[in-house]
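Below is one structure, written out as structure tokens, with a few remarks after it.
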Amino acid sequence: MRKFNNVLVTGGAGFIGSNFIRYVFDKTDFEGRIVNMDALTYAGNPASLADVGQEHGDRYVFERADIRDKDVIKRIFEVYDIDCVCHFAAESHVDRSIVAPDDFIQTNIVGTFNLLQVAKERGDKTELFHHVSTDEVFGSLGDAGYFTEKTPYMPHSPYSASKASSDHLVRAYHDTYGLPITISNCSNNYGPYQFPEKLIPLMILNALEGKPLPVYGEGINVRDWLYVDDHCSAIWTVMTQAAAGETYVVGGRCELRNIDVVKRIAALVDEFAPPLPSGKPRAELITFVKDRPGHDHRYAIDCSRLEHDFGWRQTETADTGFAKTVRWYLENSEWVESVRTGAYRQWIEKNYGKRS
Ligand code: NAD
Ligand code: TYD
């Protein structure tokens, strides 16, 4: 088992990064320090980690910093004597990448390159560079078959192309310079603290407010859903146990068509929240809208290798995970309101200034 003293988590104020930091402190035997480096873009919210800062004292440090800036990365590595990187920071939303791809190139590709350079320049001090990636790098499946570690790359969106590019760079730094790296390519995540531009939180909040539930095309695209804590446990497993240079695909064995996800979410909101003034079931809010250009038809992961090598298993099913998630959004109205109204941006600007 690999052990780390000072782990740099990039993008730790985002959805998966914030859940990961909480997971590592609460559910593993990690005894060191986590430095969360995050630029606080629209998707980053320090409020997602308010409790962590209070509970873990100087074992948790937040640095507002941008991975597009190599000098800043260098300073952080030196000041905190970083020996491990878990790299989440990215522009992560496919729809945004279609209308404004520039930041995806700068953050996902150039930012990853900057981190790799600094990690390499630190020589033996770098125990591990773990890169958190997506199954979208493999492109789209037809109605049969699964992505595995052997699937060739065939990204379609600017987002997935930028992530594919960063995966290749990470692997190249292992093969060329011997940098100890691992990579995980995971399917769609859901759970607490996800920004409500992604399918599940958007549908929960719209359903709650009685707004339309926009389903792209005919809603027949398939995604493989994984509860975020199960992704975090997979990442930690790979970081501590996988051999350097290895890649693992991670998935939920939970394929669902978008329309079925939205119907289930609408029904759960009906179950847990007060009824709409009209008294109608929220599934009636479903509205079919123009399809996403280049919309990948189906993602599905065969995660046998992760299960076989380390005995990793997911703990949540769609039934338990969706219900937990809907409840979380209903019970955390303060976080939801600050994100929905944009109040969290005002707080960030007051405390940290605007992002350059
Ligand atoms: P997110 O958009 O919620 O969070 C991204 C975080 O990165 C934010 O806190 C943001 O402020 C930060 N960030 C963005 N640009 C930055 C920069 N230049 N410098 C420093 N910080 C920056 O994303 P997420 O859903 O938590 O995804 C995290 C990672 O996991 C990404 O690399 C994504 O590709 C990957 N991933 C996501 C999913 C998913 O379903 N969400 C699935 C598989 C893999
Ligand atoms: P999303 O959460 O954006 O994740 P990704 O594009 O990375 O898979 O979308 C999940 C699926 O839901 C995807 O097939 C697009 C679809 N979708 C909708 O139908 N309506 C929406 O409003 C959104 C945001 C997504």
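Only the coordinates and a few stated rules stand behind these numbers; no lab work does. All values reported here derive from a predicted model rather than from experimental measurement. Heads up, the Cβs are rebuilt from the backbone with ideal geometry, glycines too, and the neighbour counts pull from every protein chain shown.
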For residues in the range 188-236 being more than 30 Å from residue 8 (Cβ to Cβ) and away from ligand 2 (no atom under 14 Å from the Cβ), which is farthest from the chain's Cα centre (by Cα)?
-> 210
Filter the range 97-123 down to the residues that are small (Gly, Ala, Ser) and within 16 Å of ligand 2 (Cβ to nearest atom), then identify the one that is nearest to residue 237 (Cα to Cα).
-> 97
Unmet requirement for residue 94, which otherwise passes all of (1) more than 21 Å from residue 335 (Cα to Cα); (2) more than 16 Å from ligand 2 (Cβ to nearest atom) | (2)
Hits in the range 58-111 (condition: of a type in the set (Ser, Thr, Tyr) and either surrounded by fewer than 19 Cβ atoms within 10 Å (Cβ to Cβ) or under 21 Å from residue 183 (Cα atoms) (or both)) = 80, 92, 107
Got at least one residue in the range 293-306 being in a helix (DSSP H, G or I) and under 19 Å from residue 191 (Cα atoms)?
-> no
Going by the conditions given, is residue 175 part of a helix (DSSP H, G or I) and among the charged types (D, E, K, R)?
-> yes
All helices (runs of 4 or more DSSP H) inside the range 58-141 with 3 or more residues being without any contact (Cβ under 8 Å) to a residue 60 or more places away in the chain and of a type in the set (S, T, N, Q) | 112-121
